[in-house]
Amino acid sequence: PILVNANMFNRAVIFSSNIRPPQPRHKCENKKGCPIDHFAFRIISGAANVVGPSICFEDTILMSTVKSNIGRGLNIALVNGKNGQLLKVASFDMYSGDVTQLETFLQEIKDGTIILAATYDDAATKMNKKVRALFSALGSRHVNELGFRDNWVFLGAKGLKGKSPFEEHIKNDQKTNKYDGWPELLEMEGCAPRKQD
């Protein structure tokens, strides 16, 4: 006869019942998947002036510290709204840079282009009314409130009717700041609709 230790058997059953099937992995490490006619995205602002922002689109990191293509100020990726192909990435120093470069960049965006933007350190010092109006036309609701060292993440599009649902803004406020002189970082994920003909 084979003797079975009942305690060992019970422990094995309890242990095996705690094993869960692996969770499905979604594009850009998002919590939820996206419908077929949508693009997955995740935008993370910078943290103070230490950790740079990150922009992911359809499971591809477009901008990050590791890619060495981010900078202080505004970090922007442009994507084709129909096929999701990366068109251009750029960063604009909004503290001591030339704001006319950003004006030109925004004016040259073609209809149907998706714009993804993330702040790092300070994005408002050099931001003028013209730049704010250009971002408003791309669907921003909060760009006119953007102040010194605020954090802001935004996804909009050229030709968008109305305002984008994909935008977050947090004020630089000494009473609520997470870091000395800066608010906490912002992280936004979602599913952007593909441009239809």
| task | Starting from residues that are part of a loop (DSSP other than H, G, I, E, B) and either of a type in the set (Lys, Arg) or in contact with a Pro (Cβ under 9 Å, 6 or more places away or on another chain) (or both), keep the ones in the stretch 72-91 and report whichever is surrounded by the fewest Cβ atoms within 10 Å (Cβ to Cβ). | result | LYS82
| query | Any idea which of (1) farther than 13 Å from LYS158 by Cα; (2) of a type in the set (Ser, Thr, Tyr); (3) modelled with pLDDT of 95 or more is the one THR65 doesn't satisfy? | reply | (3)
| Among the residues of the stretch 156-169, is there at least one that is at pLDDT below 95, among the hydrophobic types (A, V, I, L, M, F, W, C) and farther than 16 Å from PHE41 by Cβ? | no
| note | For the stretch 144-197, the count of residues that are hydrophobic (A, V, I, L, M, F, W, C), under 27 Å from VAL79 (Cβ atoms) and part of a strand (DSSP E or B) equals 9
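crowded, with 22+ Cβ neighbours inside 10 Å, more than 24 Å from ARG194 (Cα to Cα) and not small (Gly, Ala, Ser): does that describe LEU62?
Working: crowded, with 22+ Cβ neighbours inside 10 Å: yes; more than 24 Å from ARG194 (Cα to Cα): no; not small (Gly, Ala, Ser): yes.
It is false that LEU62 is crowded, with 22+ Cβ neighbours inside 10 Å, more than 24 Å from ARG194 (Cα to Cα) and not small (Gly, Ala, Ser).
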| query | Considering GLY33, GLY46, GLY52, which residue is more than 13 Å from the chain's Cα centre (by Cα) and either among the small types (Gly, Ala, Ser) or at pLDDT 95 or above (or both)? | reply | GLY33
| Qualifying position, being closer than 19 Å to ILE55 by Cα, among the small types (Gly, Ala, Ser) and surrounded by fewer than 20 Cβ atoms within 10 Å (Cβ to Cβ), among SER136, SER96, SER140, SER164 | SER164
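With respect to VAL99, is the statement that it is touching a strand residue (DSSP E or B) at 6+ places or on another chain (Cβ under 6 Å) and not aromatic (Phe, Trp, Tyr) true? Let's see the steps before the verdict.
Working: touching a strand residue (DSSP E or B) at 6+ places or on another chain (Cβ under 6 Å): no; not aromatic (Phe, Trp, Tyr): yes.
No, not satisfied.
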| Filter pass, ASN144 being more than 20 Å from PHE166 (Cα to Cα) and out of contact with any Leu (no Cβ under 7 Å at 6 or more places or on another chain) | no
| remark: In the stretch 51-71, anything assigned to a loop (DSSP other than H, G, I, E, B) and either among the small types (Gly, Ala, Ser) or touching an Asp or Glu at 6+ places or on another chain (Cβ under 6 Å) (or both) is listed as GLY52, SER64, SER68, GLY71
| Considering only residues of the stretch 143-161 that are among the aromatic types (Phe, Trp, Tyr) and crowded, with 22+ Cβ neighbours inside 10 Å, which is nearest to LYS195 (Cα to Cα)? | PHE154
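Restricting attention to the stretch 105-131, which residues are part of a helix (DSSP H, G or I) and surrounded by 17 or more Cβ atoms within 10 Å (Cβ to Cβ)? I'd like the intermediate steps shown before the answer.
Step one: filter the stretch 105-131 for residues part of a helix (DSSP H, G or I), giving 105-107, 129-131.
PHE105, LEU106, VAL131, listed by residue number.
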| field | Breaking point among (1) crowded, with 20+ Cβ neighbours inside 10 Å; (2) outside any helix (DSSP H, G or I), for LEU102 | value | (2)
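The values are calculated or read from the model by the stated rules, or taken from the named source; none is laboratory data. Model, not experiment: these values are computed from the prediction. Because the Cβ atoms are built from the backbone with ideal geometry, glycine has one as well, and the counts that use them run over all protein chains shown.
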